[in-house]
Each structure stands twice: as structure tokens, then as C-alpha cells.
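Notes follow the structure.
Rule-based calculations on the coordinates, nothing more; no lab input. From a predicted model like this one, the values you see are computed outputs, not experimental measurements. Glycine also receives a Cβ, built like all others from the backbone with ideal geometry; neighbour counts cover every protein chain displayed.
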Amino acid sequence: MQMQLPIFPENTKMINSSVGFFAKDDFVFYLHNGSPVYCHSKDDLNTYRYTMANLTTTGLCTIVELSRALGVQVKNIQRYKKALEEKGTSWFFNREDDRGQCHKMKEEKLQAAQNLLNEGYSQKGTAKQLGVSEGAIRYHLRSGTLKKKH
């Protein structure tokens with residue numbers, strides 16, 4: 001097989017001597033020795049995170065090289081790599097986005113809390129039964145998610 005010399009477009013930013021990236025028409029292209037290996041939309045964060053993890057996991061570049069080239073925190077790339085190694089590819093594309101959701105009071109617990117309040121339990125008693133803080137119950141009463149029986 002004949003060795004191919006790397007040919008990078010003029011606007012390519014190099015990550016290391018063999019890997020670079022450039023943006024064109026709302027897409028980001030990643031090249032290895034001049035050949036495209038990954039491509040994603042500029043707005044596609046999941047594919048971006050997967051690409052960062054994959055570039056480092058496959059050994060095409062180091063976390064530090066990628067961090068410097070992209071201006072991204074090393075810790076973020078470490079997190080992406082760890083997620084790929086522990087949870088696999090599908091985690092990047094099939095996970096539920098629960099940011100901004102109360103992790104202690106999911107729908108089932110809210111329903112159980114409402115049932116306890118309807119039965120006449122106090123805020124403190126409801127919290128104790130569900131294993132959450134009284135402050136969590138107070139918060140949901142104030143926000144209107146839970147209603148106290150009068």
C-alpha cells in the first residue's frame with residue numbers, strides 16, 4: 001500500500017501532527033492524515049462529545065492535545081472518554097436529558113407525596129415516609145407541584 005501524504009485544507013487547525021479539524025457549511029470535519037474520519041453539525045453536542053471521546057480512546061490524539069486545540073477543559077474531555085469506555089456509544093445518543101429536573105422527586109415520588117398529603121400527613125411526615133428532606137416537600141408545595149389538603 002502506498003503511503004499517503006497528509007493534505008489539509010488551509011483553514012485546518014491541527015490537533016497534533018496527523019489530526020486536524022476545520023469548519024465548513026455549519027459542519028465540523030475531523031481529518032486524520034488528510035482523510036476525513038468524523039463529521040458533525042456545529043450544533044450537535046452529542047456527536048461532538050462522542051467524537052472527542054473517540055479521538056482520545058482510539059489514540060489518535062491525547063486529551064491535552066485536544067484540549068489545547070479546541071480550547072476545552074481537560075476535565076470535560078476526560079468525562080466524555082470515561083462515559084464512552086464505561087457506558088458505550090449509545091449513551092451519547094440515547095440518554096434522557098434530565099437536566100433541570102429534581103433528581104429526588106421524580107413523578108412517582110410526587111404522586112406518592114400528594115397521596116400522603118391527601119391522607120392528612122404533615123410535611124415532615126410525608127418527607128420522612130418518602131426519604132426526602134422536609135425542604136423538598138416545602139419547595140414543591142410553594143411551586144404548586146404539590147397541594148396541601150385543607
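Under a cut-off of 28 Å between alpha-carbon atoms, report the lysines in cross-link reach of Lys109, not counting same-chain residues fewer than 8 places apart.
Those lysines meeting the cut-off are Lys87, Lys124, Lys128, Lys147, Lys148, Lys149.
Just to check, using Stokes-Einstein with a Kirkwood Rh over alpha carbon pairs, what's the diffusion coefficient of segment 13-93 at 4 °C and 1.567 mPa s in µm²/s? Walk me through the numbers on the way to the answer.
Working: Rh = 12.6 Å.
Rounded to a whole number, D works out at 103 µm²/s.
On average, how much area does the Cα convex hull of the chain cover when viewed from any direction, in nm²? Kindly include the intermediate steps, with their values, before the conclusion.
Values: hull surface 51.6 nm².
In nm², the orientation-averaged hull projection of the chain is 12.9.
Within segment 41-58, whose backbone N sits under 20 Å from a point 7 Å along Cα→Cβ of Gln78?
It comes to 49-58, nothing else.
Under a cut-off of 21 Å between alpha-carbon atoms, report the lysines in cross-link reach of Lys81, not counting same-chain residues fewer than 8 places apart.
Lys42
With a Förster radius of 30 Å, plug the Cβ-Cβ distance of Asp44 and Leu110 into 1/(1 + (r/R0)^6) and report the FRET value to the nearest 0.05. List each step's numbers first, then the result.
Details: r = 33 Å, r/R0 = 1.09.
Computed FRET efficiency for Asp44 and Leu110 comes out at 0.35.
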